Amino acid sequence: FTMPLMADAQMQKGEFLEAASTYSYIGRLYADDVSVVAESRMKMAMCYSELGWNYEADEVFSRMALDSIPATLRSDYSAIRASHLLKQKRYREAIPVLKQAMPGQRVSKSQKIREYYLLGQLYKETGDMEKSYSSFQKVIRRNPPYQVEFNARIQQTEAMPSTDAHKIEKKLRRMARNPNNKRYLDQVYYAIGNVFLACGDTLKALHEYETGLSECSERRPE
């Protein structure tokens, strides 16, 4: 085992304290190698985050200015830091860090879909409905698996501009008629209710919500 491989193995086994110590030692041992030092610090911060040592992780991140990290590691650094912030529900801080990670990552289509879906959720959580809606639209445009597209469309109804209401309602009505969605009709009618609520039509919204509840109770075992 070389030292970096040993540290990686410790982290994979869940020995985060031991791995953090090894990464710290690697950073001192290879102090003249900028890439090795940067990577060891990133992974040390990841170990601290896994241990719940949030202050220590923040300290490591604060000493690592993004422009001082080798270009090949910047996306990984941002991804690790975003994960740390998400664990603490620091959503507003996590958004720009996650966006920094996305452009440089050589990731699969499914990973890119997950990232846009996560961004949509984060924007909604922080009240930026326009960007949330846009992020879920990017998920849909990438032809995701059926269930992912279904969930993205449901999420969109909670963040949509009223100008898109009629178009979204038509898509949801088609989803309600699709036999593949029979198990999920309560969610579809909930989403249709959201459309009417966004347009200020409370009575129709309540009607759709009630329809969804009745669909849910019909599926409930006796």
Cα gyration tensor category, rounded, prolate or oblate, for the stretch 136-222 with a/c compared to 1.5: oblate
Distance from the stretch 56-108 to the stretch 150-183 (C-alpha centre basis), Å: 33 Å
The chain, relative contact order in percent, only Cα pairs under 8 angstrom and at least six apart counted: 10 percent
Average projected area [Cα convex hull, the chain], square nanometres: 15.9 nm²
With every protein chain in place, the stretch 1-89: carbon and sulfur % of accessible area (1.4 Å): 53 percent
Top of 156, 100, 12 by mean-square fluctuation, Gaussian network on the chain, Cα under 10 Å: 12
Amide H within-cut-off set for residue 199, under 5 Å, with H built and near neighbours excluded: none
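Taking only protein heavy atoms into account and a 1.4 Å probe, give the accessible area per residue of the stretch 71-161 in Å².
About 52 Å² of surface per residue is accessible.
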Estimated [θ] at 222 nm from DSSP helical runs (n ≥ 4, -39500 (n - 2.57)) normalised by residues in the chain, nearest 500: -24500 deg cm²/dmol
Formal net charge of residues neighbouring residue 93 (Cβ-Cβ distance under 11 Å; K, R +1; D, E -1): +3
Segment residue 109-residue 146, extension gain: residue separation times 0.36 nm, minus the distance between their alpha carbons: 11.9 nm
The stretch 184-195 - phi-based ³J(HN,Hα) in whole Hz, Karplus 6.51/-1.76/1.60, Gly and Pro as x: 10, 4, 4, 5, 5, 5, 4, 5, 5, x, 4, 4
Cleavage-rule hits (trypsin sites (Lys or Arg not before Pro)) in the stretch 99-172: DSSP loop, at most 12 neighbouring Cβ within 10 angstrom: 106
Most mobile of 174, 92, 41 in a GNM of the chain (Cα contacts under 10 Å): 174
Karplus 3J(HN,Hα) series, Hz, for the stretch 41-52 with 6.51 cos²θ - 1.76 cosθ + 1.60 (x for Gly, Pro): 5, 4, 6, 5, 4, 4, 4, 4, 4, 5, 6, x
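Using a ≥ b ≥ c from the Cα gyration tensor of the stretch 94-155 (square roots of the eigenvalues), is it rounded, prolate or oblate, where a/c under 1.5 gives rounded and otherwise the larger of a/b and b/c decides, a/b for prolate?
Oblate, since a/c reaches 1.5 and b/c is not below a/b.
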Accessible area (Å², 1.4 Å probe, nearest 10) - residue 207: 110 Å²
Mean Cα-pair separation over length for the stretch 136-190, i.e. relative contact order, pairs under 8 Å, 6 or more apart, %: 27 percent
Among the listed pairs 87/182; 87/171; 131/170; 87/112; 89/138; 109/204, those beyond 27 Å (Cα-Cα): 87/182; 87/171; 109/204
Gaussian network model of the chain, springs between alpha carbon atoms under 10 Å - residue of 208, 39, 18 with greatest fluctuation: 18
Karplus (6.51, -1.76, 1.60) ³J(HN,Hα), θ = phi - 60°, over the stretch 69-86, in Hz, Gly and Pro reported as x: 8, x, 4, 5, 10, 5, 5, 5, 4, 5, 5, 5, 5, 4, 4, 4, 5, 5
Rg/Rh (Cα only; Kirkwood hydrodynamic radius) as it applies to the stretch 1-98: 0.95
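The values are calculated or read from the model by the stated rules, or taken from the named source; none is laboratory data. As the structure is a computational prediction, the values presented were derived from the model and not from experiment. A quick note on method: Cβ atoms are made from the backbone with ideal geometry, for glycine too, and the neighbour counts reach across all protein chains shown. Remember, those area values only see protein heavy atoms, side chains included, never the ligands or the DNA or RNA. Shrake-Rupley method; radii C 1.70, N 1.55, O 1.52, S 1.80 Å.
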